[in-house]
Every structure is written in C-alpha cells, then in structure tokens.
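Data first, discussion second: the structure below is written as structure tokens.
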Amino acid sequence: MSAVVGVDGLARCPWGLSAPDYIAYHDEEWGRPVRDDQGLYERLCLEAFQSGLSWLTILRKREGFRAAFAGFDPGKVAAYGAPEVERLMADAAIVRNRAKIEAAIANARAALGLPGGLAETVWRYADPAAPVPVRVEDVPATTPGSKALAKELKRNGFRFVGPTTAYALMQACGLVNDHLADCFAR
C-alpha cells in the first residue's frame, strides 16, 4: 500500500490516517530529527513501553508518562528507587509493567553513563542514504544499523532495546526517513 490521500487532500503514510492522534503524530513529529538526550530518552522509553501494545495506546498516555517520569529527565529518573517503582505501578495514567518501568530507570542510568551522551551515541547510526520506501511493505522492521545500535545500547546497560525497538526509535527521531515516497511529510 502506498500513500493515501486524506480528507484534507494531503497524501500520508496509511498508518497516519487511522485516528486523529496518529494524524498529529505523523504530521508533526514522526521522522523529525530529535537531537537532544532528553528527547531521545523519552522516545526510547515510549518505544519500549509500546512493545506488544498499540502505539495509539502510548500516544494517548504520553502526558501521563511525562508526569510519571519527571518529563523524561534522565537525571531525575536515574534517581528513582523502589518507592518510585511502586508509585509507577499504581499509576493508571501509564502502562503498568514492572519490567518496562525498571528498564526505563535502568536506561536513564545507562544514558547518563554514555561518553558524549545518548544523542551522540544514537546519531552515529543515522542512515540518510536509506532507500525511499514506496509502499508500506518496503519499510523494514530492522536494519543492520538498528541491530548495531541495539547491540551498543545493550552493551552499555540499556534494556528493552532490541533491533526492532531501535529501528522504531530511528524512524521516530529522524535517523531514517521512512515516510513513503508520495507522503507530503517526506
């Protein structure tokens, strides 16, 4: 399936038309470069929480996540301990999955320990020469770059960052441009 024209006359990636939340995310955020540690940490956490769930669920809980995780400030989240984990487990505004909550905290600590920071580490894997997808079927789930990024992050203590999650992060943060060839956002 290639880009689809919406009621506003704009051609979009088909997934970007299924709900108003998706339209806003597709049009205003997805694929736009995120180059700061805090922004990348937020996207990494959200991608990890999405694993096994609908992205729409994550988008609709995003403000809850931001409140629960101190605006995704890695320095603040890295200081979380058992009391904060229990608080988060009781917070209906987020996805209450202990392993993912503990991973978000561990990932904040790992991000703070990266020489040069998270942004410098992640952006080494940008692929501006990636092929332009024409159809949804042309968009890969993983790439050699996402496999290498996941491996580096894991080596540095990150959790819930397999190659698929790493690729979703790369797409969301503009390291690759997977808007379809006919999509207006490309």
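The values are calculated or read from the model by the stated rules, or taken from the named source; none is laboratory data. Everything numeric in this text was worked out from a predicted model, so none of it was measured. Glycine also receives a Cβ, built like all others from the backbone with ideal geometry; neighbour counts cover every protein chain displayed.
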> List pairs: first in the range 16-30 and in contact (Cβ under 8 Å) with a residue 60 or more places away in the chain and under 12 Å from residue 184 (Cα atoms), second of a type in the set (Lys, Arg) and outside any helix (DSSP H, G or I), Cβ under 8 Å, 6+ apart or cross-chain?
Replying inline: 26/12; 27/12
>> What's the total number of residues in the range 125-141 that are at pLDDT below 95 and surrounded by 14 or more Cβ atoms within 10 Å (Cβ to Cβ)?
In response: 2
>> Taking the condition of being over 18 Å from the mean Cα position of the chain (by Cα), of a type in the set (A, V, I, L, M, F, W, C) and in a helix (DSSP H, G or I), how many residues in the range 113-153 meet it?
In response: 1
>> From the list 39, 52, exactly one residue is outside any helix (DSSP H, G or I) and either closer than 30 Å to residue 183 by Cα or acidic (Asp, Glu) (or both). Which is it?
In response: 52
> Taking interchain pairs and intrachain pairs at least six residues apart, which have beta carbon atoms under 7 angstrom, with the first residue in the range 167-180 and under 15 Å from residue 118 (Cα atoms) and the second outside any loop (DSSP other than H, G, I, E, B) and polar (S, T, N, Q)?
Replying inline: 170/146
> How about the range 105-155: which of its residues are among the hydrophobic types (A, V, I, L, M, F, W, C) and free of Cβ contacts under 8 Å to residues at least 24 places away in the same chain?
Replying inline: 129, 148, 150
